[in-house]
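Student: The structure is given below, and queries will be raised subsequently.
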Amino acid sequence: MKKLLYTFLVLCVALAVFSCSSSKGVAVAPEDMKGTGETADVSSLARALADKGNWQVMKLPVNVALRKPVSAKLGGTMTLVRGEEIRLSLRFFGMEVAAASITGDSVKAYVKMQKIYVAESLDKLLGGFPATVDNVQSLLLGRIFEVGASSPDFRRCKVSALQGSYTVTPPRASGGLSYMFTATTEGNTLGSLEMSGKTGHDARVDYSYPRNNTSGFPEEIALSGNLKDKAVEARIEYSLNSIDRSATAPGKFSIPKGYRRISASSLLKLLDSLK
């Protein structure tokens, strides 16, 4: 049952990879960007891609998979409460084996088999990366966002038109983090998000879409980077045909009694033993 524990790492590693990773890809800083065309048309596309749509609570089936340093996969459901919470319930043969809740000030998650849980501030788990729950929801839905803001201020963003695509580079976030979105002009879908810190800590998110994309959301998100000198790859797959945009907000998230608390730093040390 170790794979259940490894999959639990996805709940934290998929977030921590943004601030603790160090892969070879480097995001381009705003002052280094060079557009190759007029940006007036793509600016309107960028604004449209920053809009998450008209919903308050949304629930959809997901598969959460860790590809590296080991392979593990579990299915479940994800519930998004707009700007407030991301709730994830992972199941194995119909029984919940792990769950997580990300709110504006904390990340809580537990694994039933090992009876362990994590409860940390969002800022601490992200290593100081100043993302909000709304930012993380936008990342999960394939939308353009500005770190720490409820919506991008496009007066401060650099938008560049390319051949068949365009890029949006918001101003650097605190800690010197630079990041860049690349989207297609046809269909106006987000293709990738690249992030780079001052110390060369980089991460990448890639988006895949179904052939007939009526929802506007990606069907798969691939996250990659390095953590503790190990290559980390995680994927989140959605069942877009089963999206419930009129779902009810979940009740209060609580840790079952008798569980042992594990710090985020202790949890990440488990990567040293993964083979």
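Student: With segment 156-275 as the region, which strands (runs of 3 or more DSSP E) entirely inside it contain at least 1 residues that are at negative phi and modelled with pLDDT under 90?
Tutor: Answer list for segment 156-275: 178-184, 190-196, 202-208, 220-227, 230-238.
Student: Consider ALA100 against the criteria (1) surrounded by fewer than 21 Cβ atoms within 10 Å (Cβ to Cβ); (2) in contact with a strand residue (DSSP E or B) (Cβ under 6 Å, 6 or more places away or on another chain); (3) at pLDDT 85 or above: it satisfies all of them except one. Which criterion is unmet?
Tutor: (1)
Student: Related question: Output the number of residues of segment 128-171 satisfying the condition of being among the charged types (D, E, K, R), out of contact with any Pro (no Cβ under 7 Å at 6 or more places or on another chain) and surrounded by 17 or more Cβ atoms within 10 Å (Cβ to Cβ).
Tutor: Going through segment 128-171 one residue at a time, the tally reaches 2.
Student: Count, please, the residues in segment 12-52 that happen to be open to solvent by 30 Å² or more (accessible area, probe 1.4 Å), closer than 30 Å to ARG87 by Cβ and modelled with pLDDT of 85 or more.
Tutor: Within segment 12-52, residues that are open to solvent by 30 Å² or more (accessible area, probe 1.4 Å), closer than 30 Å to ARG87 by Cβ and modelled with pLDDT of 85 or more number 3.
Student: Quick one: in segment 231-247, of everything that is within 14 Å of the chain's Cα centre (by Cα) and of a type in the set (Asp, Glu), which residue is least open to solvent (accessible area, probe 1.4 Å)?
Tutor: Going through the qualifying residues, I end up with GLU237.
The values are calculated or read from the model by the stated rules, or taken from the named source; none is laboratory data. Worth saying up front: this structure is predicted, and the values here are computed from it rather than measured. In this analysis, Cβ positions are derived from the backbone assuming ideal geometry, glycine residues included, and neighbour counts consider all displayed protein chains. In case anyone asks, the SASA skips ligands and DNA or RNA and just uses the protein heavy atoms, side chains included. Shrake-Rupley method; radii C 1.70, N 1.55, O 1.52, S 1.80 Å.
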